[in-house]
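A short worksheet on the structure shown next.
The values are calculated or read from the model by the stated rules, or taken from the named source; none is laboratory data. Bear in mind the structure is a predicted one, so any value in this text is a computation, not a measurement. Here the Cβ positions follow ideal geometry from the backbone for every residue, glycine too, while neighbour counts run over all protein chains shown. These area figures cover heavy atoms from the full protein model, side chains too; ligands, DNA and RNA do not enter into them. Shrake-Rupley method; radii C 1.70, N 1.55, O 1.52, S 1.80 Å.
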Amino acid sequence: MSSLNSKLQLALLNRKKGRNLLEKGFTLVELMIVIVIVGILSAVALPNFLSQTSKAKATEAKSQISAMIKNASADYQQLGIVTPETDCSGIGGPAAYKEEGGVNVGGEQLFDYTCGITGEALTVTATANANDPSIEGGLVVFNANLKTGKVGMNNDQSSLMFGGKLANPA
């Protein structure tokens, strides 16, 4: 009887070992620890990602301003003078290409552009409009010296959300 008893116990042990291999998994405590770690990482990383959206939107303004300054520089080199309209349409601003044959090819612009020139100093300002309420009123200002070719963002007049020092609009 004892040999039958020992064989039964051995069979039960072997069966239990095989079942444990199939039923292995994570405990509730281990899963909770992982969830807490992921939550902490998200809390640290999320604010960094949220600020990136306004910087990405400002890239539109910066690239458009760059194109306008290049056009103005080319005009200055060829003609010796540049007289852009206040809406910058004379140097390739969005008003110059927004409609072609009655069709809006540029889509809704996030920024309105203004230009001003004093001698060889060109100032181009992009003001975020109401098409995107999250950045509305934000400013990106670039100054360019057409004679020397020196171009730079005016940090004192540009909004903080776009990499400047000026307080963000409310």
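Per residue of the range 36-42, what does 6.51 cos²θ - 1.76 cosθ + 1.60 with θ = phi - 60° give for ³J(HN,Hα)? Whole Hz please, x for Gly and Pro, Karplus curve as stated.
5, 5, 5, x, 5, 4, 5
Kindly write out, for the range 50-57 in residue order, the coupling ³J(HN,Hα) from the Karplus curve 6.51 cos²θ - 1.76 cosθ + 1.60 (θ = phi - 60°), rounded to whole Hz, with x marking Gly and Pro.
Along the range 50-57, the couplings run 5, 6, 6, 5, 5, 5, 5, 5 Hz.
In a shell of Cβ-Cβ distance under 14 Å around residue 132, excluding residue 132 itself, what net charge do Lys and Arg (+1) and Asp and Glu (-1) give?
Its environment carries a net charge of -2.
With angles folded into 0 to 90 degrees, how steeply does helix 2-22 sit against the dominant principal axis of the chain? Use alpha carbons for both and round to 10.
Approximately 10 degrees, to the nearest ten.
Given H placed on each backbone N at 1.01 Å, which residues far from residue 85 in sequence or on other chains put an amide H within less than 5 Å of it?
Excluding prolines and chain starts, which carry no amide H, the hits are 90, 91.
Could you list which residues have their amide H under 5 Å from that of residue 164, counting only those 5 or more apart in sequence or on another chain, with H placed in the peptide plane?
Close amide H contacts, sequence-distant or interchain: 159.
Cut-off 10 angstrom, C-alpha nodes, Gaussian network model of the chain. Which of 70, 57, 150 fluctuates the most?
Answer for the Gaussian network model of the chain: 150.
How large, in percent, is the carbon and sulfur part of the accessible surface of the chain at a probe radius of 1.4 Å?
Exposed carbon and sulfur together represent 60 percent of the surface.
If I model the chain as equal point scatterers sitting on the Cα atoms and use the Debye formula, what is log10 I(q)/I(0) at q = 0.16 Å⁻¹?
For the chain, the Cα-only Debye profile gives -0.96.
Considering only protein heavy atoms, what per residue accessible area in square angstrom results for the chain with a 1.4 angstrom probe?
For the chain, the solvent-accessible area averages 68 Å² per residue.
Using a Förster distance of 45 Å, how high is the FRET efficiency between residue 150 and residue 45, based on the Cβ-Cβ distance and rounded to 0.05?
Efficiency for this residue pair is about 0.75.
Quick check: pseudo-label points 7 Å beyond the Cα along Cα→Cβ at residue 2 and residue 33, how many nm apart are they?
4.5
Using amide H atoms built in the peptide plane, which far-off residues or other-chain residues are under 5 Å from residue 137 H to H?
Placed amide hydrogens put 128, 129 under 5 Å from residue 137.
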